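Undergrad: Okay, here's the structure, questions in a sec.
The values are calculated or read from the model by the stated rules, or taken from the named source; none is laboratory data. The structure displayed is predicted, hence computed values, not measured ones. Surface areas here come from the heavy atoms of the whole protein model, side chains and all, with no ligands, DNA or RNA. Shrake-Rupley method; radii C 1.70, N 1.55, O 1.52, S 1.80 Å.
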Amino acid sequence: MNKARHSSRRRSPSIRSDETVDYKNTSLLRRFVSEQGKILSRRMNRLTSKQQRLIATAVKRARILALLPFSNNES
């Protein structure tokens, strides 16, 4: 019963060594943002705290430059 709950949990891919965390790399940043436009937690992303900080600042910069939406309110 407990095993089924763990398999249904969403697992985002972590950052590969050849990928750079940059606000211009929107395809990478979209993997760490939920459907609502929120930055996903570190546990869900499977990132280190340093990587999570880099992702958070990159997403915020991309939002300001209109590369990523602040929210996704499409119903």
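Undergrad: With the full set of protein chains in place, find how many percent of the accessible area of region 26-65 is carbon and sulfur; take the probe as 1.4 Å.
TA: On region 26-65, the fraction of accessible area on carbon and sulfur atoms equals 53 percent.
Undergrad: Here is a follow-up. Once amide H atoms are placed 1.01 Å from N in the peptide plane, what residues at a sequence separation of 5 or more from Val33, or on another chain, have their amide H within under 5 Å of its amide H?
TA: Under 5 Å from the amide H of Val33 lie the amide H atoms of Leu40, each far enough along the sequence or on another chain.
Undergrad: So, one more: Whenever you get a sec, line up Thr57, Thr20 from highest to lowest accessible area (probe 1.4 Å, protein heavy atoms). Can you show the working numbers first?
TA: Values: Thr57 70, Thr20 90 Å².
The most accessible residue leads, giving Thr20, Thr57.
Undergrad: For region 28-36, take each phi angle, set θ = phi - 60°, evaluate the Karplus expression 6.51 cos²θ - 1.76 cosθ + 1.60, and give the result in whole Hz per residue in order, putting x for glycine and proline.
TA: Result, rounded to whole Hz: 6, 5, 4, 5, 9, 10, 6, 5, 7.
Undergrad: Another one. Solvent-accessible area per residue for region 26-65 at a 1.4 Å probe radius, Å²?
TA: Using a 1.4 Å probe on heavy atoms only, each residue of region 26-65 averages 65 Å².
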